[in-house]
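The values are calculated or read from the model by the stated rules, or taken from the named source; none is laboratory data. Quick caveat: nothing in here was measured; it's all calculated off a predicted structure. Neighbour counts run over all protein chains shown; Cβ positions are idealised from the backbone, glycine included. To get the accessible areas, we keep the full protein, side chains included, count just its heavy atoms, and leave off ligands, DNA and RNA. Shrake-Rupley method; radii C 1.70, N 1.55, O 1.52, S 1.80 Å.
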Amino acid sequence: GVLHETVVFDSWGDETAVETLFSKYCRCCWRRSGMVKRKFARMQMDVQLLPMEVAQSDPVEAGNVAPPKKRLSLATALSEPRRTVKILIGAHNYRNLWFIACSCTSLLVLAIIGALTYFIVTMVKYYT
């Protein structure tokens with residue numbers, strides 16, 4: 001069968017400890033410590049156990065490992081700009097940026113509509 005395993009690299013040294021005296025009393029430090037705890041590196045791996053006869057009939061050569069499918073490279077960065085920005089600034093900041101961009105665009109459209117309405121009303125009053 002195939003064993004699906006996720007390894008979490010969550011060991012921190014004393015010099016990078018998250019818990020401090022302030023994190024017990026300061027809300028800002030609580031949030032920071034919570035964010036750091038959730039951002040541990042994870043590695044997913046699949047291990048398949050085969051009988052000796054099957055393994056010898058189809059051997060795997062050394063170095064025959066493909067890179068991860070979703071790895072960011074220059075080619076994928078240029079072909080998928082949204083994903084690249086999301087990776088570079090983070091998912092939370094990407095949502096905030098998207099919200100601000102939509103809000104500014106909506107306000108700009110409303111301002112243009114208002115200016116055109118004012119211009120049309122002014123022109124109608126001037127010529128009548």
### Query
surrounded by 10 or more Cβ atoms within 10 Å (Cβ to Cβ) and without any contact (Cβ under 8 Å) to a residue 12 or more places away in the chain - does that describe any residue in the range 56-74?
no
### Query
Which condition breaks for residue 108 when tested against (1) open to solvent by 80 Å² or more (accessible area, probe 1.4 Å); (2) in contact with a helix residue (DSSP H, G or I) (Cβ under 8 Å, 6 or more places away or on another chain)?
(2)
### Query
Given the structure, is residue 47 at pLDDT 60 or above and outside any loop (DSSP other than H, G, I, E, B)?
yes
### Pick from the range 65-104, criterion in contact with a Ser or Thr (Cβ under 9 Å, 6 or more places away or on another chain) and under 26 Å from residue 46 (Cβ atoms), ranking: modelled with the highest pLDDT
83
### Query
Here are some conditions: (1) part of a helix (DSSP H, G or I); (2) open to solvent by less than 90 Å² (accessible area, probe 1.4 Å); (3) at pLDDT 55 or above. Residue 36 meets all but one. Which one does it not meet?
(3)
### Task
Identify the residue in the range 82-91 that is of a type outside the set (Lys, Arg) and open to solvent by 80 Å² or more (accessible area, probe 1.4 Å) and, among all such residues, is nearest to the chain's Cα centre (by Cα).
87
